[in-house]
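Here the structure comes first, spelled out in structure tokens, and everything after it is commentary.
The values are calculated or read from the model by the stated rules, or taken from the named source; none is laboratory data. Just so it is clear, the structure is predicted and the values come from calculations on it, not from any experiment. Every residue, glycine among them, receives a Cβ derived from its backbone with ideal geometry; neighbour counts consider all protein chains shown.
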Amino acid sequence: MGRFVARRILYMFAVILVVSAITFGLMHAVPGGPFEREKPLPPEIIANLEKRYHLDEPLLMQYGRYLYEIFIPRIDSNRPGLSLENDFLINIRLGESTWFHWMNFGPSYSSRSRTVNDIFRDNLPVSFQLGIMALTVAILLGVPLGIIAALKQNTIFDYFGMSVAIFGVSVPVIVLGPLLIWIFGVTLRWLPPTGWGSKPPYVMGVFPSTMGWDYWKHAIMPAVALGLGSSAIIARLTRASLLQVVREDYIRTARAKGLKERLVLTRHALKNSLIPVVTVLGPMFAALVTGTFVTEITFGIPGMGRYFVTSITNRDYPVIMGTILLYAVFLVVANLIVDLLYAFLDPRIRYE
Amino acid sequence: MRSKFFMITAALIVFSMILGACAPAPAPTTGPQEPIVQTVIVEGTPIVITATPPPAEPPAAGPKVLNYPTGGPGDIPTLDPSLASDTTSVQVLEETFVGLTRLDETTLELKPGMATWESEINDEGQEVITFHIRDDIPWVKYDAVSDSVVQVQDCEGNVRMVTAHDFAYTFLRTLDPATGSPYAYVLHGIVGAEEYNTADGAPEDVAVEVLDDYTLRITFKQPAAFNPFIAGLWTGFATPKWVIEGDDCNDPRGDRWTETGFNQSYGPFVMKEWIHDAYLDMVKNPFWPGTEAVPVPKIDMVHYVMLDAPPAFAEYEAGNMDVSNIPLADMDRVMADPTLSQEVNIGPDYCTYYLGFNTKAPVVDDVRVRRALSMAVDRQALIDNVLKGGQEPAQWFSRPGLIASPTMETHPDLGIKYDPEQAKALLQEYLDETGQTADQLQITYMFNTSAAHQRIAETIQQMWADTLGITVNLVNQEWQVYLDTVKSEDTPQVWRLGWCMDYPDAHNFITDNFRAGGSANPARGGVPYGGVNWVNEEAEELMRQAMIESDPAKRVDLYAQAEQILVYEDAVIIPVYWYTSVTVTKPYVTRTFGVGGQEHWEKWDLNK
Amino acid sequence: MGQTTLQTDSDPQGHDGAAVQASPVTIDVNQFGAGGKPLHVKSESALQDAMRRLVRNKAAVVGGSIIIILYVVMILADVIAPYPYAKQTLVHQNSVPQWLLNVFPTMQPYAQVVNDYILGADYVGRDLFSRIVYGSRVSLIVAIIGPLISLIIGVTYGSISGFFGGKVDNIMMRIVDVLYAFPSILFIILLMAFFRSTFARPDPGTFTYYVSQLDNAMGGMLFIFIGIGMTAWMTMARLTRGQVLSVREKEFVEAARALGASNNRIMFRHILPNIVGPLVVSETLAIPGYISTEAFLSFIGLGVNPPTPSWGSMISEGAQMIRTYPNQAVFPALALAITMFAFNFLGDGLRDALDPRLRGTQ
């Protein structure tokens, strides 16, 4: 098991190499540069900017420089945070004036006083919190709905539950968001229409420093809007899977042994039926954390999702690279966790 | 197996509880699930979630807080005067800094800002402006520990005042090629500026001279009515060199100097906190003495929230915003609503929406086709049915209201108007001559990807089809690609752009855009290669004369002649409409209405 | 009875299916069969059996019928739609018919009543109903092409990987992981930006020219299909592999292997039929994903070229109007929801019908 995990982590670096190479090539192949403006810049100024960001170098050299900045750790006496060019994600103080630095994702071209690391530090926690909440909503709604539907197959419960699920997945956030805002934010005024209840700095880099009602009331609508579509997927997968599992031989055996129905379901059926559900949780979580563009714009949430889209439209190269690599790492880790969960849930699967 | 399963499930859910800091799990609804969830709760208890208590809410009554949305998606791009180029950045800058001169946001009159000035023409025919800067304005910053605005002190402990050195520093920093300022070109009228900014010129040769601590002299290449405006633009606001580059008692902050905690300024408001992508809070500067153009603010804080137009309007309706723009989609409903319709204000906005022709491209290289297409656009119908914001049909390019721009009162028949009959006749003439039919004409109309531009494109496409029988092909590209395309050798036949003022003079519209080498008419060595792809010696000469002419009436006349060539005789562009800004304001807000894209909150008040 | 199979190979071990199914644990008589029957008869009856059970499932029949109707509407759009989809009547912008005012009384104070349009007209006075009818083209074609690409590539890939395991699995899954590690929506955005700009106005006669002509003729749909297709199959590959991994350890597969069944045979006769349920369900669940991807692309402006309608673009335009003119969002969304319901019920029905252990039951 340990070797399996170690190998997967090593392999994660390989993924980053490949993903970064493809992204780097693709984003430079897309026409339009980061310094196009409606009131166009004189070519000399564009040349200055390109020089400042090393965009005048050959592509291969730029790529090499990028990898060097990200991968190669440094030990020097520079205090972190002073300059945009040398802003590292990981800074560890070794001695009086000695620092260990690692992972410099570079400056943002369109947000001139920030680096990609700043965007990670300020915006990622918000997306992470929102993603976790949406996933919680999805599981808490989806799993019970799927179980009821499966146990009462072809009854009114089943049809009703599945209709709710399909409704959830076919009403996009684009419609659901403004609708929720209209009903609960503007008409009833129960919840604030927009905004997020926490701000940097975050506890341990992720968690909000305050968690009163003021925090939760901002989170409810976006979490529901974002999680509803995913809950439908979970509900239907749970239903389909449970229906399949209850027909398995070992369930029949268990029943034949005279076990109580409840025990049969909880000890045997539920666990096995969750395997396909677990499969989708990893990618689903990654998608919930990063695929929040519409939710963020609709509810005015200062998350990360917007940067996935705007960095591309602005040709903000370091932000494109940073966000895509972030997503890649996120997904690889999520899938690793899913694979490990597999082994727990289904003892017949072994990794060596 | 059982315990392992419960453990895992429990761990999973507890994990998600920790991460999401989830509320207690809701009661289970199904039988089979019950034991699982109970286990979770039992197993979940050892995990202690530490949370600090929420900060005390600010007292309900007391400080006057203005809640104001940006009205667009995304963060404020920058708060660095040398780097700003968009309306939200400039909005904050104009409230936290004050330029040498200050534009009255409602009348577009030029008033003294940080300085009074006198102007003279030197022997070489250059305009020399001497600025006498106020000596009573201290640098200030927000101090988080005392939660108040404090004066900035230098390393010896003396209060730092805003001096001519601070202004000169900004001018040179904006022009420094290493800064890469996107707006440096507006300063190119200063002697030596263009050379330093774009070629090998030295900073010492830029004619921005500090005569003493409170006197600054700027020399412009040519006399022009708009030179003092340019000196007062945000690209010349004083900036704190000691924060940017560091000194004996400050760490150098570089581009980070605008962030929360480092930011220093001197205007009527002071930046308190900038939470990126969320909001920016500005508090009243108690050390601002108040001047004729920039009074002491009556409101204590501005909560500037980064919200796109639809959520911003929802917040307005929920009572959480004091001002908002009205999204087009909500226009009909708002106008019919007895309360909201009372809160609407439609005012001018100094921008022009136009379609450009690539005058060298097939079909539209014939002026009759261009004029026919322009005459076939029913601008009023477009405004009434699609735009709905009370915009004005544009007959020419330079928005009326700008200095030296013709107005509808003085020039009612200038330019081009909707005239379907003449449009048909013109096109028929062209078709007969070339032996074609209207449906054979292949025209591509390109716009950048956006719902608003799409609506306009679809409407105009239909107007051309109905009136002229020409079906144009609509193509959209995303913004960065589009800008590249529109200003390339390969500019499409018809394309759209808008233009908003930098400073209120017709020069900033027609000349800055359409002279050979202008913004929408890129040229190499005086030969246009993209955009409108157009050069007309007569028009060039008219624009040159209008720039240096000092008699205001004559300037209007010269620009009117140039406009007539641009939009009618050569029909290089189709002026579509002049912008308005449509806002709603809560009745308890006393306010002014800016026409240039910025608001001056120091003149506002709240009477809640 | 044996396993579901469309194979008619004359494998000498043709009776293994039945033998394997009769594993010691199994007590279900339905899984014992007339193993001696000729193979083609067996598979035919299996198909018939599946069909029979599909037809008995009312929800599936309703779903299937709706889908057929939808596709007929799509094909006959020119006949059914009362107006061309691009026909504007500017003065009728945002008009609604009288009956809609009764449904949404909030529109009373400002809505312009024009009864020519059964569902109302949009912001430039185009008939909503006609646009919904024509707009079905994009969504319904995406609903076919997405699953098709994803099933063909994904299931083949995933089942090979999961079945062989070990090194093969490792290498194949690493490749998928790398591709998967691209956020698909970003990948599509980059691809679309690349296509749209590279293919914008190419020289006549070149390959790019013909591709862009094709895309123009399809109203910009081609690149959407390619973009969605290129990113859709990875999920399916992973899911298939996960399923195969879990099924291949089952007793009946081990028994088949012990009896010397060929890999092909084990794959197609024993494993695939047992995992087809979750795959079909997952794929019908993915259809809304494909359609909403199209809607998302419309939202950020990379969807079909105007004035070509698509449900996605109509919903994202209408969503902004949801308070003022709810009909402009509600009806396209309703069309989408009905399509989703239909695909989902059909998917469920298919799953039940294809489940080998339900064979011969209701």
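Quick notes on this one:
- The set of residues in the range B:244-261 that are farther than 20 Å from B:Glu94 by Cβ, within 14 Å of chain A (Cβ to nearest Cβ) and either modelled with pLDDT of 95 or more or out of contact with any Gly (no Cβ under 7 Å at 6 or more places or on another chain) (or both) comprises B:Glu245, B:Gly246, B:Asn250, B:Asp251, B:Arg253, B:Gly254, B:Asp255, B:Arg256, B:Gly261.
- All positions within the range B:445-472 that are within 30 Å of B:Ala309 (Cβ to Cβ) and of a type outside the set (A, V, I, L, M, F, W, C): B:Tyr445, B:Asn448, B:Thr449, B:Ser450, B:His453, B:Gln454, B:Arg455, B:Glu458, B:Thr459, B:Gln461, B:Gln462
- Of all residues in the range B:435-478, exactly one satisfies the criterion of being assigned to a loop (DSSP other than H, G, I, E, B), under 23 Å from the mean Cα position of the chain (by Cα) and not hydroxyl-bearing (Ser, Thr, Tyr), namely B:Glu478.
Quick grid of which residues meet (1) surrounded by fewer than 18 Cβ atoms within 10 Å (Cβ to Cβ); (2) in contact (Cβ under 8 Å) with a residue 40 or more places away in the chain; (3) in contact with a Gly (Cβ under 7 Å, 6 or more places away or on another chain):
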site	(1), (2), (3)
A:Gly2	yes, no, no
A:Val5	yes, yes, no
A:Arg8	no, yes, no
A:Ile16	no, yes, no
A:Ala29	yes, no, no
A:Pro40	no, no, no
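- Only one of the numbered conditions (1) closer than 30 Å to B:Val572 by Cα; (2) part of a strand (DSSP E or B); (3) more than 14 Å from every other protein chain (Cβ to nearest Cβ) is not met by B:Cys351, and that is (3).
- Among the residues of the range C:319-345, those identified as at the interface with chain A (Cβ under 7 Å from one of its Cβ atoms) and in a helix (DSSP H, G or I) are C:Ala319, C:Ala329, C:Ala333, C:Leu336, C:Ala337, C:Met340, C:Phe341, C:Asn344.
- Restricting attention to the range C:209-254, the residues being away from chain A (no Cβ under 14 Å) and touching a Pro at 6+ places or on another chain (Cβ under 7 Å) number 2.
- Complete set of residues in the range C:82-123 that are at the interface with another protein chain (Cβ under 9 Å from one of its Cβ atoms) and within 32 Å of the chain's Cα centre (by Cα): C:Ala86, C:Lys87, C:Tyr123
- Meets criteria (within 23 Å of C:Gln93 (Cα to Cα) and among the polar types (S, T, N, Q)) for B:Gln428: no
- Some residue of the range A:124-132 being farther than 28 Å from B:Ser89 by Cβ, facing another protein chain (nearest Cβ under 8 Å), at pLDDT 90 or above and surrounded by fewer than 22 Cβ atoms within 10 Å (Cβ to Cβ): no
- The conditions of being hydrophobic (A, V, I, L, M, F, W, C), within 14 Å of chain B (Cβ to nearest Cβ) and in contact (Cβ under 8 Å) with a residue 24 or more places away in the chain are not met by C:Phe268.
- Within the range A:285-347, helices (runs of 4 or more DSSP H) holding 1 or more residues that are touching a Lys or Arg at 6+ places or on another chain (Cβ under 6 Å): A:293-299, A:317-345
- Yes/no for B:Ala309 being at pLDDT below 95, hydrophobic (A, V, I, L, M, F, W, C) and under 30 Å from A:Val294 (Cβ atoms): yes
- Test: B:Thr491 is surrounded by 21 or more Cβ atoms within 10 Å (Cβ to Cβ) and assigned to a helix (DSSP H, G or I): no
- Once the range B:138-171 is narrowed to residues that are assigned to a strand (DSSP E or B) and of a type in the set (A, V, I, L, M), the residue that is surrounded by the fewest Cβ atoms within 10 Å (Cβ to Cβ) is B:Val159.
- Flag for A:Ala225 being within 14 Å of chain C (Cβ to nearest Cβ), under 18 Å from B:Pro311 (Cβ atoms) and in contact (Cβ under 8 Å) with a residue 12 or more places away in the chain: yes
- From the list A:Pro43, A:Pro107, A:Pro80, the one residue that fits, being within 31 Å of the chain's Cα centre (by Cα), more than 7 Å from chain B (Cβ to nearest Cβ) and modelled with pLDDT under 85, is A:Pro80.
- Residues in the range C:68-84 that are without any contact (Cβ under 8 Å) to a residue 24 or more places away in the chain and more than 16 Å from C:Phe343 (Cα to Cα): C:Ile75, C:Leu76, C:Asp78, C:Val79.
- Which listed residue is surrounded by fewer than 24 Cβ atoms within 10 Å (Cβ to Cβ), at pLDDT below 85 and in contact with a His (Cβ under 8 Å, 6 or more places away or on another chain), from A:Ile251, A:Ile275: A:Ile251
- Number of the condition not met by B:Asp337 [criteria: (1) touching a residue at least 12 places away in the same chain (Cβ under 8 Å); (2) surrounded by fewer than 19 Cβ atoms within 10 Å (Cβ to Cβ); (3) of a type in the set (Asp, Glu)]: (1)
- Counting only residues that are within 16 Å of B:Thr179 (Cβ to Cβ) and assigned to a loop (DSSP other than H, G, I, E, B), the range B:199-254 holds 12 of them.
- Test: residue in the range A:261-277 that is closer than 30 Å to A:Ser198 by Cβ and more than 7 Å from every other protein chain (Cβ to nearest Cβ): yes
- Residues in the range B:289-301 include at least one that is crowded, with 21+ Cβ neighbours inside 10 Å, farther than 26 Å from A:Pro193 by Cβ and away from chain A (no Cβ under 14 Å).
- B:Thr467 vs. criteria surrounded by 20 or more Cβ atoms within 10 Å (Cβ to Cβ), within 9 Å of chain C (Cβ to nearest Cβ) and of a type in the set (S, T, N, Q): no
- In the range A:141-158, the residues that are under 17 Å from C:Arg351 (Cβ atoms) and away from chain B (no Cβ under 11 Å) never reach a residue that is part of a helix (DSSP H, G or I) and modelled with pLDDT of 90 or more with C-beta atoms less than 7 angstrom apart, at least six apart or across chains.
- In a residue-by-residue description of the range A:189-197, the property of being out of contact with any strand residue (DSSP E or B) (no Cβ under 6 Å at 6 or more places or on another chain), part of a helix (DSSP H, G or I), crowded, with 23+ Cβ neighbours inside 10 Å and at the interface with another protein chain (Cβ under 10 Å from one of its Cβ atoms) applies to no position.
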